[in-house]
Amino acid sequence: MSVLHVTSPHVRKPMTTNAVMRHVIYGTIPGLAVLTLLFGWGTLINVVFGSLVAVAAEALVLRLRNRPILFSIKDGSAILTAVLLALAIPPTSPWWITVVGILFAIVIAKQLYGGLGSNPFNPAMIGYVLLLISFPLEMTTWIPANLTEGVAASPSFSQSLALIFGSVDRTVIDGITMATPLDTFKTYAGNDLDMLRSASVLQGSIAGVGWEWVNIAFLVGGLYLVARKIITWHIPVAMVTSLFLLAGLFYIIDPDSYADPIFHVLGGGTMLGAFFIATDPVTAATSNKGKLIYGALIGLLIYVIRAWGGYPDAVAFAVLLLNLCAPTIEYYTQPRAYGHKKANSGIAKS
Amino acid sequence: MSEFLIILVSTILVNNFVLVQFLGLCPFMGVSNKLETAMGMSLATTFVLTLSSVLSYLTYAYILEPLGVEYLRTISFILVIAVTVQFTEMVVKKTSPLLYRVLGVFLPLITSNCAVLGVALLTVKKGTDSFIEALLYGFGAAVGFSLVLILFAAMRERIAVADVPEPFKGPSIGMITAGLMSLAFMGFSGLIKL
């Protein structure tokens, strides 16, 4: 029963692409703030610098193709790609990491397919995976969150600036970096439980020091997007549920070698992936049933790769693998149009 | 039991014949323009791959090895594959004339699909010692091939209507997409240590 009495005319204002992208960027603000509080100014600097590179790259390609430049820049999709990539890479990564990742994301993964709306893969994640495979060292050197025991304050603004752009000897950074919680767990779980229990990045936390706050912040931002009806609940809920159930199952079987489900759900990039990356309307499945399958399979792949694969965090790979399944999922979950028979799928009968 | 699972996961995902070992690329690019064709091709290739893998193993274990003529394996495998493909062609022609017409030249071309010969030779090279293993190896390779072929075809149908820059239209963007797919499949690396 509706208590609000609304009178006509019921005019709906369609949402522009620009508004959608803007709201998604607003949604990342809590996560960005927490990352900045815990890891220093690096992420914020990367976001701003990355956005500039992304807009420049997009403008360059559009100019080469003689397309209206301002029209595409104004939709804000290039900036969103840059923001998501900057949130995913380590806060102290040197400037050329951002440049390589953004150029590949914007030029190859997005513009070669004809720009926004046609790209089969999430550009930010293509950029991230490219960087992870090409520069594994730079992409896995995270400084520990400043809540970690025995870690001094996170780098100040000028220090972060120097780490990213300066000609600081990169070996300096080796002294302050540590393996991420997921990485630590992967290294010691099942073979060296003493080391695992004493690892400082896991002390007194439920999903690695600081990381639970990062994930909760992204969860809050994600709920804002659901409330604003920018995304629907299907993909995040399906993805987190399947990850949680799988992790729970293996945790019950063998708690020594598998992390507990909360660790998986609030660790690493799970929430960023669930609400901001997997829900990308261009590369995800679009029907509700398709979205549920898509989300659940991402959760499954994240768990499989995290638990048995070669990479500590798997959100990017899982999203890309499902991006390439999305058209097939759509094909099989096409809803029946009202008044029509169910669409044919499979091999035509002769 | 678990070793059979390992063979399947390894051949389907970790060492996918198309995206990781780059075998069988010509039907991958050639028949992936339409989803239906790709499905038909997948079925035919699955049939041929599984059958020829088993037959090659039998030929090797019961004819070539006892006679001490292992060096003849390449040529005898080619013969076995050609026979299997000819047989498949006859079956498809009888059961589904439409599919036969749609697949066209690609059906006999399975003979020269390097994935088929590759699987037969790799099975022997790996020192497979049981019939079941050879069967699973062939079947896994075929499922891996079919999986990426179908996913790729569904993606290409979408890319075909996209506003791709002129120089990248058609096969070029297909190649780029295949490369990006391969990038995504690298996520499976390390999943199984063989």
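Okay, here's what the table says:
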item: Kirkwood Rh and Cα Rg combined as Rg/Rh, the protein assembly as shown; result: 1.01
item: Whole-number percent relative contact order across chain B, with pairs defined as alpha carbons under 8 Å at least 6 apart; result: 42
item: Label-zone membership for region A:37-77, site A:Ser158, 7 angstrom Cα→C-beta point, backbone N under 18 Å; result: A:40-42, A:45
item: Karplus-derived 3J(HN,Hα), 6.51/-1.76/1.60, for each residue of region B:83-89, Hz, glycine and proline x; result: 5, 4, 5, 4, 4, 4, 4
item: Percent RCO, i.e. relative contact order, over chain A, from Cα pairs under 8 Å lying at least 6 residues apart; result: 18
item: Under the Karplus curve 6.51 cos²θ - 1.76 cosθ + 1.60, θ = phi - 60°, whole-Hz ³J(HN,Hα) for region B:29-45, x wherever Gly or Pro sits; result: 7, x, 10, 9, 6, 10, 4, 4, 4, 4, 5, x, 4, 4, 4, 4, 5
item: Most mobile of B:Gly24, B:Gly174, B:Gly127 in a GNM of chain B (Cα contacts under 10 Å); result: B:Gly127
item: Relative contact order of region A:15-179, defined on C-alpha pairs under 8 angstrom at six or more residues apart (%); result: 27
item: Proximal lysine pairs, chain B, alpha carbons under 29 Å, eight or more residues apart or interchain; result: 5
item: Value at 222 nm in deg cm²/dmol, rounded to 500, when DSSP H runs of n ≥ 4 in chain B each add -39,500 (n - 2.57); result: -21500 deg cm²/dmol
item: Point-charge dipole on Cβ atoms (K/R +1, D/E -1) for region A:15-179, about Cα centre, debye to 20; result: 660
item: Average partner coverage of B:174-187, which counts Cβ from other chains inside 10 Å; result: 6
item: Efficiency of FRET between B:Leu67 and A:Val99 - r from beta-carbon atoms, R0 51 angstrom, step 0.05; result: 0.25
item: Value of D in µm² per second that Stokes-Einstein yields for region B:4-153, Kirkwood Rh from Cα pairs, at 37 °C (0.692 mPa s); result: 215
item: Candidate lysines for bridging to A:Lys229, where Cα separation is under 28 Å - those fewer than 8 sequence places away on the same chain excluded; result: A:Lys13, A:Lys74, A:Lys110, A:Lys289, A:Lys291
item: Calculated [θ] (222 nm, deg cm²/dmol) that DSSP helices of n ≥ 4 give over chain A, each run adding -39,500 (n - 2.57); result: -17500 deg cm²/dmol
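Every read-out reported here was derived from the displayed coordinates using simple, explicitly stated rules and does not represent laboratory data. All figures in this text were calculated on a predicted structure; none of them were measured in a lab. Note that each Cβ is placed from the backbone with ideal geometry, even for glycine, and that neighbours are counted across all protein chains shown.
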